[in-house]
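> Sharing a structure here in structure tokens format.
Read-outs throughout are calculated quantities, based only on the coordinates presented, and are distinct from any laboratory measurement. The structure displayed is predicted, hence computed values, not measured ones. For neighbour counting, all protein chains shown are included, and Cβ atoms are generated from backbone atoms with ideal geometry for every residue, glycine included.
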Amino acid sequence: MVKQNKKDPIRVVELFAGVGGFRIGLEAASDDFKTIWNNQWEPSTKHQDASLVYQARFGEEGHSNKDINTVNTEDIPNHDLLVGGFPCQDYSVASTLSRSGGIEGKKGVLWWQIYRILKEKGDDRPDFLFFENVDRLLGSPAKQRGRDFAIILSSLSDLGYIVEWRVINAADYGMPQRRRRTYILGYRTESIVASQIEGLKSWTLFDGIMAKAFPFNQKGNIESIFDIEGSISDVSENFNKNGKSSPFGTAGIMRNRKVYSVDSSPVYDGMLMTLGGNLVDESLVGEEFFISEKELPKWKYEKGAKKISRTSKDGYEYTFSEGAMTFPDSIDAPSRTIITGEGGSSPSRFKHIVKTPSGRYRRLIPLELERLNMFPDNHTLHPEVTDGRRAFLMGNALVCGVVKEIGKWLYRFISGREPVSSRPMELQRNPLPSLNLDIFSGFESELVKNQRKKKFTLDPSKHLLIGFVKPDYTEYFLDGQIEKYYYTGKTRAFPSTVPLNKLFYFMPYIKGKGIKDIYLIKVVRIGSKAEVRPGSMDSEPRLIFELEYLDSLPEFKPIRLNIFQTYRSTTLASVLTPLK
């Protein structure tokens, strides 16, 4: 069991791993999340594309490419956190095994494999669970609204878990894709997180991990409070049998089968990521992704409003109608949800189409689809995986940024410490050097201009801290990564004239060059050099700045540091010149 302030890694097992979205998000949250075993199996196909990509990026150690139905529980190492994006299916219970006291789920439904593993692990089952599924899970099936989710909650409760959930649209919190999904966290009743849960209402609305990671306002004053009663077979047969709507709100918690839930309205005032901010220059796009003049009318038809007369199998005539979709897709807003049919050149209503600066229309390349799910560039690039399959993999993936934010707060509640990561989401994972990941090696200057961008407005009146970067840290601040840590001198030497409560921006001072890059200060906290510099033995208290790259001056600007020749507190206006 994971104890508070325990310094051992949090051992993670990833089921239905896809191409590793959970792993990337958790690694970006904290270095203490260690994936020790993972399983990825695509049924009904000989070519295991996701498994090939996963192994290429993370290595073969601990990877299982077997049907999870055939994997023995004893072959899965004991772990602290079980994660997975299990498929959305009919979760009904087929029968009750009265003599054994167990249950039998509908054949082929993978949720029951999660249940099997947790049950067979017994006292060694993990303290924590983290799952993802489609948003309609809370209301399915149509004839018995909420039954499937009630089955999941009751089965987890019977295994000794408290469960909270949230329906989150990634775009509502500044991420680049409108992807609405249900995220589920589970805590064993004797775990360190469970011990921090007092009232179900306060945890859901204010104090819980989901509420901290993704703040929200309660929508209206409606609360849903009820017990899930009966055996799991009874729940499958009778839950909400005559109800017209699901009793589950988009935010909630269950403890001992008692449910509290509300509907949520997101609260977010940060920077925004858009479709356009994740596009590469059209000079880097292969001709096969552009739409010819001959094909363009077909695409416009698919995207347009239409009414079509159809006849059912029973001979009933009816009119099928659908409204128009935006054509081309807006580049100033988050993208629409990526679906598995995004790849391929055939005209489609649901594929993304953008208009380039030259006036041509084109589809999205796999790298851009990866960015919209917040994966590293070319994460799915593999000599045995086609562009169409790469698009399919992204249609099945999750938004890594959501996992990262939940993972950071989960880590805080487990360990009582601040999470630190040396593996940002945009960092490529590449344990197999034999793979050619230099697909754009001849376009280095263009790629620099096509880094991911967020929508923001620089405020010249906001306070700016300029900090000296030591020579052994210079390369770190010049490597182009988006997220950075900056640690000050020992706290007793940090100048008291810098008003921390007013600081907004940060610019690193590079010796011999000056200042250029502008960062947003996200967090200022007490930490140590050892946290952010692996191998350092220095645990003296320092101020740690958690930073996010915003923009750069056109070139390095010399400036004089005026506090001990190490720091300077000013406003952005004092250094701002016209930006590119």
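> Pull up all non-local amide H partners of S140: gap of 5 or more, or a different chain, and H-to-H distance under 5 Å with H placed in the peptide plane.
Residues meeting the criterion, in which the H sits 1.01 Å from N, are G146, D148, F149.
> Also, I was wondering about something else. In the chain, what % of DSSP beta bridges are antiparallel (nearest 5)?
75 percent
> Now for a different question. Sort region 252-382 into rounded, prolate or oblate with this rule: let a ≥ b ≥ c be the square roots of the eigenvalues of the Cα gyration tensor; rounded if a/c is under 1.5, and if a/c is not under 1.5, prolate when a/b is larger than b/c, oblate otherwise.
In terms of gyration-tensor shape, oblate.
> May I pose another question? Short version: ³J(HN,Hα) in whole Hz for each residue of region 249-263, in order, from phi by Karplus 6.51 cos²θ - 1.76 cosθ + 1.60 (θ = phi - 60°), x for Gly and Pro, what are they?
Karplus values, whole Hz, x for Gly and Pro: x, 7, 9, x, 8, 10, 9, 6, 6, 8, 10, 10, 8, 9, 8.
> What is the packing order of peptides 132-140, 198-206, taking the mean over residues of other C-beta atoms within 10 Å and listing the highest first?
Listed from highest to lowest mean packing, they are 132-140, 198-206.
> For region 456-574, go through all pairs of different Cα atoms, get the mean of 1/r, take its inverse, and jot down that Kirkwood value in Å.
It works out to 14.5 Å.
> Further question: Quick check: the distance between the Cα centres of region 9-67 and region 255-317, to the nearest angstrom?
28 Å
> Mind listing the long-range amide H neighbours of L272? Cut-off is under 5 Å, sequence gap 5 or more, other chains count too, H placed in the peptide plane at 1.01 Å from N.
K455
> Taking only C-alpha pairs under 8 Å that are 6+ residues apart, what is the relative contact order of region 456-574 in percent?
37 percent
> Across every pair of different alpha-carbon atoms, what Kirkwood hydrodynamic radius in Å does region 198-279 reach?
With all distinct Cα pairs of region 198-279 included, I get 14.9 Å.
> Once the Cβ-Cβ distance between Q196 and N72 is put in as r, and R0 is 30 Å, what FRET efficiency do you end up with, to the nearest 0.05?
Taking R0 as 30 Å, the efficiency between Q196 and N72 is 0.30.
> Spin-label point model (7 Å from Cα, Cβ direction): what's the M271 to E295 distance in nm?
3.5 nm
> Which is farthest toward the positive dipole end of the chain among H382, L369, N278, measuring Cα position about the Cα centre, with Cβ charges +1 (Lys, Arg) and -1 (Asp, Glu)?
After comparing all options, I get N278.
> So, one more: Could you give me the ³J(HN,Hα) list for region 165-171, computed from phi with Karplus coefficients 6.51, -1.76, 1.60 and θ = phi - 60°, whole Hz, x at Gly and Pro?
8, 8, 8, 10, 9, 3, 5
> Next question, about the same structure. Once the mean 1/r over all distinct Cα pairs of region 347-423 is inverted, what Kirkwood radius in angstroms do you read off?
Computed over Cα pairs of region 347-423, the Kirkwood hydrodynamic radius comes out at 15.0 Å.
> Something else: Quick one: Cα convex hull volume of region 296-373, Å³ per residue?
122 Å³
> When the Karplus curve 6.51 cos²θ - 1.76 cosθ + 1.60 is applied with θ = phi - 60°, which whole-Hz ³J(HN,Hα) does each residue of region 332-345 get, with x for Gly and Pro?
9, 9, x, 6, 5, 5, 6, 10, 5, x, 5, x, x, 8
> In Å and from the alpha-carbon atoms only, list the Rg and Dmax of region 10-266.
Reported Rg and Dmax, both Å: 17.9, 52.
> Would you mind putting 24-36, 373-385 in packing order, based on average other-beta-carbon counts within 10 Å, highest first?
In decreasing order of mean packing, 24-36, 373-385 become 24-36, 373-385.
> Please give the peptides 465-474, 186-195, 534-543 ranked by average Cβ packing (other Cβ atoms within 10 Å per residue), highest first, as a rough proxy for protection.
186-195, 465-474, 534-543
> So what does the Cα-only Debye profile of region 262-318 read at q = 0.15, 0.21, 0.27, 0.28 Å⁻¹, as log10 I(q)/I(0), no solvent term?
For region 262-318, the Cα-only Debye profile gives -0.84, -0.96, -1.16, -1.16.
> Find how much the distance from T474 to E229 grows on full extension, using 0.36 nm per residue of separation minus their present alpha carbon separation; answer in nm with one decimal.
82.1 nm
> Please list, ordered by chain and number, the residues whose modelled amide H lies under 5 Å from the amide H of A17; skip anything fewer than 5 residues away on the same chain.
Amide H to amide H, under 5 Å and 5 or more residues apart or across chains, A17 pairs with N39, Q40, W41.
> Averaging over every viewing direction, what projected area does the convex hull of the Cα atoms of the chain cover, in nm²?
That works out to 30.5 nm².
> Once the other residues with Cβ under 10 Å from the Cβ of K351 are scored (Lys, Arg +1; Asp, Glu -1), what is the net sum?
+1
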